[in-house]
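J.: Pasting a structure here, questions to come.
Nothing in this text is a laboratory measurement; each read-out follows from the coordinates by a stated rule. No experiment lies behind these values; they were computed from the predicted model shown. Here the Cβ is made from the backbone with ideal geometry for all residues, glycine too, and neighbour counts use every protein chain on show.
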Amino acid sequence: MSSTVLWTQFPEHVLVAYGAKLNYLINAPNYQWWRFIAPMFIHINLIHLLVNMYSLMMVGPFVEKLYGSAKFTVFWVVTGIFGLLASYLTVRPQLATNAFARFIFKSDDLPSAGASGALFGLVGVLFVFGIKFRRELPEGFKRAFGTGMLPIIFINLFIGFIGRGFIDNAAHLGGLLSGAALALAVGYRRPGARPTITHMWRVLQLLALSTVVLGFYKVARNFNRPVASVVPRVLVSANKLVFLNYVNAMNQLQEKVSAVIHNNDLSNIAIVTDSAMQAPAPDPRAAELRQRLVIILSKLEQARTAGNPKLDQQIAEYETWRKEYNTWLKSAAKI
């Protein structure tokens, strides 16, 4: 331990020891299901914790006053779990083929932690609440909730797109959608109504809290148990690592092609190309596809430099290449 981790990041083995989500530890033969629960209560550094707790302080009291503490507890735990489930399901290297796909899909199995999924769940609750009960809300509430939540949602999704390499957007969307679904199904406590709660919600609250306690009991039981590996990959075989490194290099190369086509951005082409060529190719077809893309990028650079002669022809060639690459990617990812 050192103070620097408070503003940088805890080492991966520390995050994993305390219950961070990692797909290969949830999968067979480990079956560590509690990694769908513990991560919503742990954070990667102090800044991460403070940002999320400030957000909870801003959003949480509204949800608790509208629905009561029992429903609030259930909302938090359920949307947090659904957020982590969405994160688990979107570790799909074969689908993380471009910048927009990588907004949701992840090419690496990296430790994931934080309360953001549950926080987005509360935002989803307030968004649907404001729309569902808009006819009985005061004007100020109409502006704050419902469509008034859209700027907050869009700003956070935009931040997620910019930081897609380290922000778990799938967890955010999973929490948001599950929170919206809960708000559609659950009524709220009207002003002036007695603060009563049915036995069912007390039971659900107790179940939610028991699930959290059980999850951290399992974390404690397995705290000192050795883990096979903390390598952040879907599979730890050498062939899979080669495949993932190659895909990551090709993703960067495709982003550069897109930047040249759409933004006339000719910077760092040589650096990106050299980096892509250094990654070992999983098979001869992969090496051929990479070489063709490098040639296409070179032709695009020449076309842009010369004032766009035959640019459409190069774009068409790139589209043909991309279809062939995606076909190879789907078949290679299954091996």
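J.: Please report Ile261, Ile271 as a ranked list, fewest other C-beta atoms within 10 angstrom at the top and most at the bottom.
T.: Listing Ile261, Ile271 from fewest to most nearby Cβ atoms yields Ile271, Ile261.
J.: Just going by the charge dipole of region 1-131, with Lys and Arg at +1 and Asp and Glu at -1 on Cβ, which of Trp33, Phe82, His43 is farthest out on the positive end?
T.: Phe82
J.: Right, another one. As I understand it, the value is the acute angle between the Cα axis of helix 284-305 and the longest principal axis of the Cα atoms of the chain; what does it come to in degrees, rounded to 10?
T.: 80
J.: In the neighborhood of Asn264, defined by Cβ-to-Cβ distances under 12 Å, what is the net charge if each Lys or Arg adds +1 and each Asp or Glu adds -1?
T.: Residues near Asn264 contribute -1 overall.
J.: Using Cβ counts within 10 Å as a stand-in for footprinting exposure, how do Met58, Met149, Met40 rank, fewest first?
T.: Ascending number of Cβ neighbours within 10 Å: Met58, Met149, Met40.
J.: Can you give the angle from 0 to 90° between the axis of helix 238-263 and the longest principal axis of the chain, with both taken from C-alpha atoms, to the nearest 10?
T.: Here the helix axis deviates by roughly 80 degrees.
J.: Continuing with the same structure: Using unit Cβ charges (K, R positive; D, E negative) and no other charged atoms, how large, in debye to the nearest 20, is the dipole of region 264-335 about its Cα centre?
T.: 220
J.: Please work out the C-alpha center-to-center distance from region 8-35 to region 198-225 and express it in whole Å.
T.: Distance between centres, Cα-based: 18 Å.
J.: What is the sum of charges, Lys and Arg at +1 and Asp and Glu at -1, for the other residues whose Cβ falls under 13 Å from the Cβ of Phe36?
T.: Here the charged neighbours net out to +3.
J.: 222 nm [θ] for the chain, helices only, -39500 (n - 2.57) per DSSP H run of 4+, per residue, to 500?
T.: The per-residue figure over the chain is -21000 deg cm²/dmol.
J.: Exposure proxy check: His172, His199, His48 ranked by fewest other beta carbons within 10 Å?
T.: Going from sparsest to densest Cβ surroundings: His199, His48, His172.
J.: Follow-up question, since we're still on this one. Under the rule a/c < 1.5 gives rounded, and otherwise a/b versus b/c splits prolate from oblate, where does region 1-78 land using the Cα gyration tensor?
T.: Note, shape of region 1-78 comes out oblate.
J.: If I fit a long axis through the Cα atoms of helix 46-67 and take the longest principal axis of the Cα atoms of the chain, what angle between them do I get, 0 to 90°, rounded to 10?
T.: 40
J.: If R₀ is 56 angstrom, what is the calculated FRET efficiency for the pair His262 and Met200, using the beta carbon separation as r and rounding to 0.05?
T.: The formula returns an efficiency of 0.55 here.
J.: Which pairs break 22 Å Cα to Cα here: Lys21/Lys256; Lys71/Lys106; Lys240/Lys299; Lys21/Lys106; Lys218/Lys240?
T.: Lys21/Lys256; Lys71/Lys106; Lys240/Lys299; Lys218/Lys240
J.: In sequence order, what are the phi-derived ³J(HN,Hα) couplings for region 119-130 according to the Karplus relation 6.51 cos²θ - 1.76 cosθ + 1.60 with θ = phi - 60°, rounded to whole Hz, with x for glycine and proline?
T.: 5, 4, x, 5, 4, x, 4, 5, 5, 6, 4, x
J.: When a/c reaches 1.5 or more, the comparison of a/b and b/c decides; with that in mind, is region 51-161 rounded, prolate or oblate per its Cα gyration tensor?
T.: Prolate is the answer for region 51-161, as a/c is 1.5 or above and a/b outweighs b/c.
J.: Return the long-range amide H neighbours of Lys106 (sequence gap of 5 or more, or a different chain), with a cut-off of under 5 Å between placed amide H atoms.
T.: Placed amide hydrogens put Val91, Arg92 under 5 Å from Lys106.
J.: Applying the Karplus parametrisation 6.51 cos²θ - 1.76 cosθ + 1.60 with θ = phi - 60° to the phi angles of region 78-90, what ³J(HN,Hα) value in whole Hz is obtained for each residue in order, glycine and proline being reported as x?
T.: Karplus-based 3J(HN,Hα) across region 78-90 equals 5, 5, x, 5, 5, x, 5, 5, 4, 4, 4, 6, 9 Hz.
J.: Report which label in (i) 0.96; (ii) 1.06; (iii) 1.17 holds the value of Cα Rg over 2.2 N^0.38 Å derived from the coordinates of this structure.
T.: (iii)
J.: Just want the answer: with Cβ charges of +1 for Lys and Arg and -1 for Asp and Glu, which residue in Leu184, Ala101, Leu241 is farthest toward the dipole's positive end in the chain?
T.: Projecting each Cα onto the dipole axis, the largest value belongs to Leu184.
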